[in-house]
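The values are calculated or read from the model by the stated rules, or taken from the named source; none is laboratory data. Because the structure is a prediction, the values reported are computed rather than measured. Reconstructed Cβ throughout: ideal geometry from the backbone, glycine too, with neighbour counts over all protein chains shown. Heads up: the accessible areas ignore ligands, DNA and RNA and are worked out on the full protein's heavy atoms, side chains in. Shrake-Rupley method; radii C 1.70, N 1.55, O 1.52, S 1.80 Å.
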Amino acid sequence: MSGNREQGTGNRDFNDGWVAGARPATATSGVAANPFFEYLLRLADDRLVLGHRLSEWCGHAPILEEDIALANIALDLIGQASMLLKLAGEVEGNGRNEDALAYFRDAIEFRNAQLVELPNGDFAVTIVRQFLFDAWDVLVLERLTAASNQVLAGIAAKALKESKYHLRHTAEWVRMLGDGTAESHARAQRALDDLWPYTAELFLGDAIDAAAVASGSGVDVEALRPRWGQTVEQVLAEATLAVPKDGFAPRGGRTGRHTEHLGRMLADMQSLARAHPGAPW
Amino acid sequence: MTDQKSPASAPAAGSPDDAARVAEFEARIAQGESIESKDWMPERYRKQLVRMMSQHAHSEIVGMLPEGNWITRAPSLRRKMVLLAKVQDEAGHGLYIYCGTETLGVGREELVDQLLTGKAKYSSIFNYPTLTWADIGVIGWFVDGAAIVNQTMLAKASFGPYARAMVRICKEENFHKKQGYESVATLANGTPEQRAMVQDAVNRWWWPSLMMFGPSDKDSPNSAELIRWRVKRDTNDTLRQRFVDLTVPQARAVNLTLPDPDLRYNEQTEHWEFGEIDWKEFQEVISGNGPCNRERLAARRKAHEDGAWVREAAEAYAAKRQAVSAA
Amino acid sequence: MTNDSVSATGGATTAAETQWDLWEVFTQEGEGAPHEHAGSVHATTAEHAMQNARDVYARRGKVVSLWVVPTGAIVASAPSDAGPLFDPGNDKAYRHPQFYKTPRGARGL
């Protein structure tokens, strides 16, 4: 599982984007003109990509009950993404609806964190990835229920109920895998070690976040890190899993710099829609 | 671990009471009574039910694969969610029916083993490949449509757990069929490419759907007994005709043709007459030589084997918790 | 923790073929309604069973409460008990409201 290291020219400009107040750097020009649109894409794309990854398990889960459970989570996430993309399209004001945004943007225009686009791996990787995301998601959604944008607040309220349930499910699985057999423990620890670096991106705020917070509809993600750490470390302790050390943290998803995995995933996801542009389904 | 299955009463083989008990059993059925898992039943009845129910459950599970094939490529978010929910429902249906077989003393482990080693049968229809997106809509329309005709009958089956599972399933399946037909209608009224796509899908799925109802009654050895025991209530041919009569007008409503030059309405019988089914193809497919038989089973086997360590982990975790609370 | 049972195919099922314990699920579809048997799920712990039951039987909403019970914990009456246990009370008039005459004019009974 390789991350996307920032290399070559443009590195300086990219890092400047993290300084509050500076003009945020994005991979595509013109989009930064509408920070709230950018912000909504981040929320939506996390869920769309993660929901899609989970849907890949359908028919292949370890037991029937889990086929149903993973499909539930996938459906919730894709449903949230759909509502968020619809809102984003309205905010953008160029007539793009949720399908136009989901199926006709290239990878470089997606704004999800890299964590969610990584391949599913084995069940341990999928569950650990989901758990790490869910613990963060609940915190984000809790704050968004107070968003000044009423539509966003409404979406967040509904999504929060779903997200709490997802966390309950994945936390229990992390415990079962961590404190199950020697094999499940080893797989869970390996998954945790491999995925941990990608969690840092969830807590990196930039000017887009600052603008959203200033407008009353955003979340100070940096402030979430301690609480997230508490929740996660508690469950990991119950699971007898070791908390990985913080080290190099891959980043870039929030501004369109993704891993190679996203392009391949979108090639699959978008192929049919793009083969028949404008056709009704 | 405690005995977790509700045991069925096992009849003493060859005892003189048997004839009397069978007569009493058949009288109950003739009166429309429900047989529950703890009631006395002839061993043959129990076996037939386990066979029917497990085949049905296996079909739901294997059926997740041809449709699941298109989830990642679904062309709109709404269709993506609808398809994912449908496949999830199918997992649920398999699960409901396996629960029914558990009440007859057959564990799910055993049935899963029979499926994966190729010993168990499942509906032939799922051995065909889904080649285009249109196949998804057509499957909802034809395959769920055929299943509904069958299951509506089974909802009145004499065995309580099976009948109840059928009622639950029918509610969900009606919904699937409507969505499938809606997709077909959208494609039929869409671009020329979409029209061609859906007509092609219809041409490939029509005959296999008719074969879902099984061999003609004269070639079906189990039918008479199953009907007397109200496990089946109609013959294969009757159900097949019902499906054809329902579906032909639906095809005409969206200007799609069915690939049968002999299809003709009989004014007197008020039925749609149709051509000869190629039973050789049917035999090949149910014997394991269909286009996807090997792939379907290989996929299920892989999921099962890859998942073994996960299932074991959950059990180990529970065992540790039990040991802690017992201490 | 394995199910060492012999399968129909003649071989012993091993830990690799486990499908977890069986739990019966009861759902309540509205406040004040009774819990009704919905079916069963496989799971390992009570929490796990609760989640699986919710995903399988309650994902369409309309359920306000769930009970899960290990199948082995259920004690069921045998069909042969039906006569003595459930003899119809139709001939026991004193169990039914119509047996009691209320005095004319008395209200609120």
**Request:** Tell me the label-point distance for the pair B:Arg21, A:Gln230, using the 7 Å Cα-to-Cβ offset, in nm and rounded to one decimal.
**Result:** 6.4
**Request:** Return the calculated 222 nm mean residue ellipticity for the protein assembly as shown, to the nearest 500 deg cm²/dmol, obtained by summing -39500 (n - 2.57) across DSSP H runs with n ≥ 4 and dividing by the residue count.
**Result:** -18000 deg cm²/dmol
**Complete:** In a Gaussian network model of chain A with springs linking alpha carbons closer than 10 Å, the residue among A:Ile68, A:Ile208, A:Ile108 that fluctuates most is A:Ile68
**Prompt:** Could you give the accessible area per residue of chain A, probe 1.4 Å, as a whole number in Å²?
**Reply:** 36
**Where the Cα pairs of segment A:45-153 fall when distances are cut into 5 Å bins, in %** = 2, 11, 19, 23, 19, 14, 7, 3, 1
**All-pairs Cα distance distribution in segment B:176-327, expressed in whole percent, bin size 10 Å** = 9, 24, 26, 19, 12, 7, 3, 0
**Item:** Stokes-Einstein D (µm²/s) once Rh is taken as the Kirkwood radius of chain B over alpha-carbon pairs, at 4 °C in 1.567 mPa s
**Value:** 60
**Asked** Roughly how big is the B-A contact, given as buried accessible area in Å² (both sides, 1.4 Å probe, nearest 100)?
**Response** 4000
**Item:** Average other protein chain Cβ within 10 Å of Cβ, residues A:175-186
**Value:** 6
**Request:** Give the Rg/Rh ratio for segment B:276-325, taking Rg as the radius of gyration of the Cα atoms and Rh as the Kirkwood radius, to two decimals.
**Result:** 1.43
**Message:** Just to check I understand the Karplus step: with θ = phi - 60° and J = 6.51 cos²θ - 1.76 cosθ + 1.60, what whole-Hz values come out for segment A:255-263, glycine and proline as x?
**Reply:** 10, x, 9, 9, 7, 5, 5, 5, x
**Request:** Could you pull out the pairs from B:Lys38/B:Lys121; B:Lys121/B:Lys177; A:Lys161/C:Lys62; A:Lys245/B:Lys320; B:Lys121/B:Lys178 whose alpha carbons sit more than 19 Å apart here?
**Result:** B:Lys38/B:Lys121; B:Lys121/B:Lys177; A:Lys245/B:Lys320; B:Lys121/B:Lys178
**Item:** Carbon and sulfur %, accessible surface of the protein assembly as shown computed with the full protein complex present, 1.4 Å
**Value:** 53
**Message:** Return the Rg/Rh ratio of segment B:37-112 with Cα-based radii and a Kirkwood Rh.
**Reply:** 1.15
**Asked** What percent do you get for the relative contact order of chain B when only Cα pairs under 8 Å and 6+ apart count?
**Response** 18
**Request:** Please work out how much accessible surface B:Asp262 shows to a 1.4 Å probe, ignoring ligands, DNA and RNA, in Å² rounded to 10.
**Result:** 80
**Prompt:** At A:Ala146 and B:Leu263, where each label point lies 7 Å from the Cα along Cα→Cβ, what is the point-to-point distance in nanometres?
**Reply:** 6.2
**Request:** Quickly work out the C:His37-to-B:Leu246 label distance, labels modelled 7 Å from Cα along the C-beta direction, and quote it in nm with one decimal.
**Result:** 2.9
**Item:** Inter-chain Cβ neighbour average for residues B:180-192, partner chain, 10 Å
**Value:** 1
**Asked** Can you give the alpha-carbon Rg of chain A over 2.2 N^0.38 Å, where N counts its residues?
**Response** 0.97
**Asked** Separation of segment A:29-83 and segment B:146-176 by C-alpha centroid, Å?
**Response** 33
**Asked** What list of ³J(HN,Hα) couplings, whole Hz, do you get for segment C:57-65 from phi and the Karplus terms 6.51, -1.76, 1.60, once you set θ to phi - 60° and write x for glycine and proline?
**Response** 10, 10, 6, 8, x, 6, 10, 10, 8
**Request:** Take the Cα coordinates of segment A:124-237, assign each an equal point scatterer, and use the Debye formula without solvent to give log10 I(q)/I(0) at q = 0.15 Å⁻¹.
**Result:** -0.68
**Message:** Whole percent per 20 Å bin, from 0 to the bin with the longest distance: what is P(r) over all C-alpha pairs of the protein assembly as shown?
**Reply:** 16, 45, 30, 9, 1
**Request:** Over chain B, give the accessible area per residue in Å² for a 1.4 Å probe, as an integer.
**Result:** 42
**Message:** Between segment A:140-175 and segment A:256-275, what is the separation of their alpha carbon centroids in Å?
**Reply:** 27
**Prompt:** If you add up the charges near A:Leu167, with Lys and Arg at +1 and Asp and Glu at -1, over every other residue whose beta carbon is less than 9 angstrom from its beta carbon, what do you get?
**Reply:** 0
**Prompt:** Say R0 is 60 Å: what FRET efficiency, to the nearest 0.05, do B:Gln55 and C:Ala106 get from their beta-carbon distance?
**Reply:** 0.40
**Prompt:** Which whole-number percent gives the relative contact order of chain A, counting Cα pairs below 8 Å spaced six or more residues apart?
**Reply:** 27
**Item:** Contour excess over end-to-end distance, with Cα ends at B:Asn174 and B:Asp306 and 0.36 nm allotted per residue
**Value:** 44.1 nm
**Message:** Using a 1.4 Å probe on the protein heavy atoms only, what accessible surface does B:Glu90 show? Give it in Å² to the nearest 10.
**Reply:** 10
**Integer Hz, Karplus 6.51/-1.76/1.60 couplings in order for segment B:292-303, x for Gly and Pro** = 10, 3, 5, 5, 4, 5, 4, 5, 5, 4, 4, 4
**Request:** Grab the other residues whose beta carbon is less than 9 angstrom from that of B:Glu67, score K and R as +1, D and E as -1, and report the net.
**Result:** -1
**Request:** Just tell me how shielded B:92-101 is by partners: mean number of partner chain Cβ atoms within 10 Å of each residue's Cβ, no decimals.
**Result:** 5
